[in-house]
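Just below is one structure, and these are the notes that go with it.
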Amino acid sequence: MLMAGYFNTGQKPWEKLYLHGLVRAADGSKMSKSKGNVVDPLGLIDQYGADALRFSLVTGVTPGQDVPLSMERVKVNRNFCNKLWNATRFCQSNGIGASTSGGDAESTSQSRATARCTNDTDTLELLPL
């Protein structure tokens, strides 16, 4: 589709192209309506919540790999999201919030990331070619 669009119009059809793997059944087989192992995402959202489903799809795999989706994993991730929610509510009810001293939150996190990157690059060793 990308190549045909570029060939026919002479322009890039999209600015960014994201390649991703398949969502597979818990046993690793491809989901198929004829096999009857297809999962209804709206049913999962109703049962476990959208955050649990999103978290299940993005954790435990690297980009481009297939995602084995099991109900047990979604259930565990729902419980984890619930723990995060409860911890956040506890902190907010006790007046504990994000510290933004020394600047706004974006610049603070950016300076932390920059410091981490510079610390990591200091320890790199260049290999001879």
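Here are some conditions: (1) part of a helix (DSSP H, G or I); (2) surrounded by 14 or more Cβ atoms within 10 Å (Cβ to Cβ). Gly43 meets all but one. Which one does it not meet?
(2)
Looking at segment 75-82, can you tell me whether even one residue there is of a type in the set (Phe, Trp, Tyr) and without any contact (Cβ under 8 Å) to a residue 24 or more places away in the chain?
Just the residues of segment 75-82 that are of a type in the set (Phe, Trp, Tyr), to begin with: 80.
Those still in the list that are without any contact (Cβ under 8 Å) to a residue 24 or more places away in the chain too: none.
No; the residues of segment 75-82 include none that is of a type in the set (Phe, Trp, Tyr) and without any contact (Cβ under 8 Å) to a residue 24 or more places away in the chain.
Report yes if some residue within segment 49-59 is of a type in the set (Ser, Thr, Tyr) and surrounded by 10 or more Cβ atoms within 10 Å (Cβ to Cβ); otherwise report no.
Of the residues in segment 49-59, the ones of a type in the set (Ser, Thr, Tyr) are 56, 59.
This time we only want the ones that are surrounded by 10 or more Cβ atoms within 10 Å (Cβ to Cβ), so: 56, 59.
Scanning segment 49-59, I find at least one residue that is of a type in the set (Ser, Thr, Tyr) and surrounded by 10 or more Cβ atoms within 10 Å (Cβ to Cβ), so the answer is yes.
Say we look at segment 15-50 and pick out the residues that are of a type in the set (D, E, K, R) and in contact with a Leu (Cβ under 9 Å, 6 or more places away or on another chain); which of these is farthest from Gln65 (Cα to Cα)?
So, considering only residues that are of a type in the set (D, E, K, R) and in contact with a Leu (Cβ under 9 Å, 6 or more places away or on another chain), the one farthest from Gln65 (Cα to Cα) is Lys30.
Can you find, within segment 1-30, the residue that is nearest to Val74 (Cα to Cα) among those that are touching a helix residue (DSSP H, G or I) at 6+ places or on another chain (Cβ under 8 Å) and in contact (Cβ under 8 Å) with a residue 12 or more places away in the chain?
Result: Ala26.
Can you confirm whether Leu22 is hydrophobic (A, V, I, L, M, F, W, C), under 21 Å from the mean Cα position of the chain (by Cα), modelled with pLDDT of 90 or more and exposed (fewer than 13 other Cβ atoms within 10 Å of the Cβ)?
no
Of all residues in segment 31-74, how many are without any contact (Cβ under 8 Å) to a residue 12 or more places away in the chain and under 19 Å from Trp85 (Cα atoms)?
Final tally of qualifying residues: 6.
The values are calculated or read from the model by the stated rules, or taken from the named source; none is laboratory data. This one's a predicted model, so the numbers in the text were calculated from it and none came from an experiment. No Cβ is skipped: glycine too gets one built from the backbone with ideal geometry, and neighbour counts run over all protein chains shown.
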